[in-house]
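Report on the structure given below.
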Protein chains: 2
Amino acid sequence: MKRLMFVVLCLFLSGFMGCGEQPEEVVVDPVDFAIAIHGGAGTIDREMDPELEKAYRKALEDALRFGHGLLEQGATSLDVVEQVVRRLEDDELFNAGKGAVFTHEGRNELDAAIMDGATRGCGSVTGVTTVKNPITLARAVMEASPHVFFTGAGAEVFAEKMGLEKVEPEYFFNQRRWDSLQKVLEREADRESDTEKHGTVGCVALDRNGHLAAATSTGGMTNKRFGRVGDVPVIGAGTYADDATAAISCTGHGEQFIRNTVASRVSAIMEYQGATLAEAAQRVIGDVLQPGDGGLIAVGWDGAIALQFNTEGMYRGAADSSGRFEVAIWD
Amino acid sequence: MKRLMFVVLCLFLSGFMGCGEQPEEVVVDPVDFAIAIHGGAGTIDREMDPELEKAYRKALEDALRFGHGLLEQGATSLDVVEQVVRRLEDDELFNAGKGAVFTHEGRNELDAAIMDGATRGCGSVTGVTTVKNPITLARAVMEASPHVFFTGAGAEVFAEKMGLEKVEPEYFFNQRRWDSLQKVLEREADRESDTEKHGTVGCVALDRNGHLAAATSTGGMTNKRFGRVGDVPVIGAGTYADDATAAISCTGHGEQFIRNTVASRVSAIMEYQGATLAEAAQRVIGDVLQPGDGGLIAVGWDGAIALQFNTEGMYRGAADSSGRFEVAIWD
């Protein structure tokens, strides 16, 4: 309905703006589908090893192309965001699933959340240690349980019941992340600990039926304390979707995203002030948050895409049915 | 600043409305402080045993008078909401602390959250089993940790470090709640399980310095599955506070409060549409939620109080510096 009104409004405005003379071309082409992905925001070294940069760009491109292809074939946004995030979870480059960072105690504790814009149904898990793809567990919580949020051992028991693929905790071991914890621990000893490694992966999508969905997954924060929960599984903070407004997935300093209810705030500014997605995203990342806090990706009900961050960089990609296809790391 | 503008506006309107004749009395008296409490919303039997009803009313009155007294003496809203909720946690009548309901597995798992409207600082815990007053642990998370949200065993370790009062899990045993679980379990066997017991306690307050705070605590839901998290520790869902708008504490069907980000939605409608607290609370409970979902208490920046619910009843109380003092259960 909203999309129809948008088209009518565009036609009206096109006519109005061209009044008195025939406009050369009336282009009214809201996109059929759209997708955005992220692989974390933060201080990303611009002097990154060229091979590593190439690997990141390729991983983002592959994931984006995969999701774009699914949407083109008519897949639902819910299936697409889950499948794309699974792929990013399986990739050691990103802080989620296989590439998760280590807690202070040297464990990998995974969080994930998914939300369906059509129903505002949602599912979240936190503190998962043996489920290969936490995003699929979050979806099972949404679809196969009367609850929406499970923690730790309870989440694992539920995963078992649902027959999801389990792995030994060692599956998540990653030398690069382990070394990163050791460095942070050493710096802590020197009272110089100030860097937080808070990568996340996420995907948002609008499908051909006009439905939105958002998914986010993370290994948390290097050196986080046992049992700490960030913004990812907190619906409204790191993840939110509503067909009437937008689907949003965040990445950054989780505590800031929780206390400012970042994801649902973008939706609220659109819903209650009639702002565009671009305006809403800009205001939340630029005005509500502090420089360095993080970023978000979002797709609006009309297929608009926002990729907004106030950090040095954000691994990201965006594509839609109009032929747009881009991947970037820095500004 | 906002309060000053409010006073100026009142003076202006008073003058305008009385134009042409001298108004008998220009009463411009925004309250100095205000407080509201709740002890859960839901299907509350109107044919309740008179002794039990009396006990509930007395407990609400005592807690309200206690909080009112603290505010009168100049206590901060943050201290008041914590202290009042501690008192309700210690009372077996309410589903929080000592009166917590049982999970499906026959355990007591406690959740709590607190938020400071002055800074939007917040703290949450979920799955606590040995901390006598979870709300005090939530405050410790807010004030003494770099994080804002802790789960289960991690939360207990943190409580230990902070030297909070611990109890044996048996401390939370309560015959009435145990019998309630048995009844629900029997009904489940008969495939008739439909009743959810989802009580909560909460307190919101505006102090003499114009600062708002909110606190919520719960034992969860009778027969909930191990590890399930409801809306209470989800900042923005069950608890929210912002000095610019309102302090809100919710009670009801947690999943509905999470997916609709109820507490922060009330604040967003005020912030982004300029609605009054009464309008915002009415719209969220009346239009966004479904009948039977639950209710909320809120205090606005100007001392306005909202007690809104779409269930049969809500244990509640409200008081302010103008002499208002009321306790109620049904309409």
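Take every pair of alpha-carbon atoms less than 8 Å apart whose residues are at least six positions apart; their mean separation over the length of chain B yields a relative contact order of 25 percent. Per the accessible-area calculation with a 1.4 Å probe, the total area buried between chain A and chain B rounds to 3300 Å². The length gained on full extension between residue B:53 and residue B:331, counted as 0.36 nm times the residue separation minus their Cα-Cα distance, comes to 98.6 nm. Each 20 Å bin from zero holds the following percent of Cα-Cα pairs in chain B: 34, 55, 10, 1. Computing Rg and the Kirkwood Rh from the Cα coordinates of the stretch A:266-331 gives a ratio, Rg/Rh, of 0.98.
Just flag the trypsin sites (Lys or Arg not before Pro) in the stretch B:33-110 sitting in loop per DSSP whose Cβ has no more than 12 other Cβ atoms within 10 Å. Don't skip to the answer; put the middle values down first.
On the way: sites: B:46, B:54, B:57, B:58, B:65, B:86, B:87, B:98, B:107; in loops: B:46, B:107.
Sparse-neighbourhood loop trypsin sites (Lys or Arg not before Pro): B:46.
In a DSSP loop and with at most 16 other Cβ atoms within 10 Å, the trypsin sites (Lys or Arg not before Pro) in the stretch B:268-328 are B:324. Reported to the nearest whole Å, the Cα centre-to-centre distance from the stretch A:199-219 to the stretch A:221-292 is 13. Peptides A:70-80, A:174-184, A:249-259 ranked from most to least packed, by the mean per-residue count of other Cβ atoms within 10 Å: A:249-259, A:70-80, A:174-184.
Which of these, A:168, A:89, A:61, has the largest mean-square fluctuation under a Gaussian network model of chain A (Cα springs below 10 Å)? Among A:168, A:89, A:61, the largest GNM mean-square fluctuation belongs to A:168. Using the Cβ of residue A:116 as centre and a radius below 12 Å, the other residues enclosed give a net charge of -3, where K and R count +1 and D and E count -1. Residues of the stretch B:86-121 whose accessible area (probe 1.4 Å, heavy atoms of protein chains only) drops by at least 20 Å² once all protein chains are present, relative to their chain alone: B:120. Rolling a 1.4 Å probe across the protein heavy atoms gives the protein assembly as shown an accessible surface of 39 Å² per residue. Carbon-plus-sulfur accessible fraction, the protein assembly as shown (probe radius 1.4 Å, protein heavy atoms only): 50%. Here is how far apart the residue B:62 label points are across copies: 6.5 nm, shortest first, using a point 7 Å from Cα toward Cβ. Relative to the Cα centre, the charge distribution of chain B, modelled as +1 at Lys and Arg Cβ and -1 at Asp and Glu Cβ, gives a dipole magnitude of about 680 debye. Cross-link partners for residue B:183 among the aspartates and glutamates, with Cα-Cα distance under 12 Å and sequence neighbours closer than 8 places in the same chain left out: B:192, B:194, B:196. Inter-copy label distances at residue A:290, using a point 7 Å along Cα-to-Cβ, come to 4.2 nm with the shortest given first.
Sorted shortest first, the distances from the residue A:182 label point to those of the same residue in the other copies are 5.8 nm; each point sits 7 Å from Cα along Cα-to-Cβ. Residues of the stretch B:236-268 that bury at least 50 Å² of accessible area once all protein chains are present, compared with their chain alone (1.4 Å probe, heavy atoms only, ligands and nucleic acids left out), are B:255, B:258, B:259, B:261, B:265. Look at the dipole of the stretch A:33-321 built from charges on Cβ: of A:216, A:171, A:150, the Cα furthest out on the positive end belongs to A:150. Label sites at residue A:72 and residue B:43, each approximated as a point 7 angstrom past Cα along Cα to Cβ, lie 5.3 nm apart.
The values are calculated or read from the model by the stated rules, or taken from the named source; none is laboratory data. Remember, predicted model here, so these are calculated numbers, not experimental data. Cβ: placed from backbone, ideal geometry, glycine included. Neighbour counts: every protein chain shown. These area figures cover heavy atoms from the full protein model, side chains too; ligands, DNA and RNA do not enter into them. Shrake-Rupley method; radii C 1.70, N 1.55, O 1.52, S 1.80 Å.
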